[in-house]
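Worksheet: one structure, shown below.
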Amino acid sequence: MVARAAPTHPKPIFRPVADHPDKAEHVAEVLKAVAHPLRIRIVALLCHGETHVNGLAGKLGVPQAIVSQQLRILRLKGLVAVLREDGFAHYRLAEPALRNLVACMDKCEAR
């Protein structure tokens, strides 16, 4: 019996935004999608793990309907994913790089 090597996956190619207009366009769309104070807070909370709408609403101190509207925008842009289980919708980040964006925003100081 011959041992087979595990398949290797090519490393993603690093494409600097400054050199690639299509990547810059995508990044602009991501930034537009999170460019709302409540959506920024939702993304920041989802960085800590998946949760449901009522959990987010409670932590944010806003009505569930408003949180649902903001989650819909993030979901349509592919930034948040939903898993429906036992009558509940559990939300999680679909774009892991948002964690880096939130970490960067956490360093910004109000002036």
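Dipole magnitude of the range 22-106 about its Cα centre, charges +1 at Lys/Arg Cβ and -1 at Asp/Glu Cβ only, in debye to the nearest 20?
For the range 22-106, the charge dipole is close to 160 debye.
What is the gain in length, in nm to one decimal, between ARG92 and ASP19 on full extension, counting 0.36 nm per residue of separation less the C-alpha to C-alpha distance?
Values: separation 73, 0.36 × 73 = 26.28 nm, distance 3.10 nm.
Length gained, ARG92 through ASP19: 23.2 nm.
Peptides 52-62, 99-109, 85-95, 71-81: what's the order by average Cβ count within 10 Å, highest mean first?
Highest-to-lowest ranking by the protection proxy: 71-81, 52-62, 85-95, 99-109.
Consider all pairwise Cα distances in the chain and report the whole-number % of them above 22 Å.
44 percent
Let me check against my output: what whole-number percent is the relative contact order of the chain, with C-alpha pairs under 8 Å and at least 6 apart? Numbers along the way, then the final one.
Numbers: 86 pairs, mean separation 25.6, N = 111.
Over the chain, the number comes to 23 percent.
What angle, in degrees between 0 and 90 and rounded to the nearest 10, separates the Cα long axis of helix 64-76 from the longest principal axis of the Cα atoms of the chain?
Around 20 degrees separate the two axes.
Values in this text are rule-based calculations from the coordinates and carry no lab data. Please read all numbers here as calculations on a predicted model, not as lab measurements. All Cβ positions, glycine included, derive from the backbone under ideal geometry; neighbour counts span all protein chains shown.
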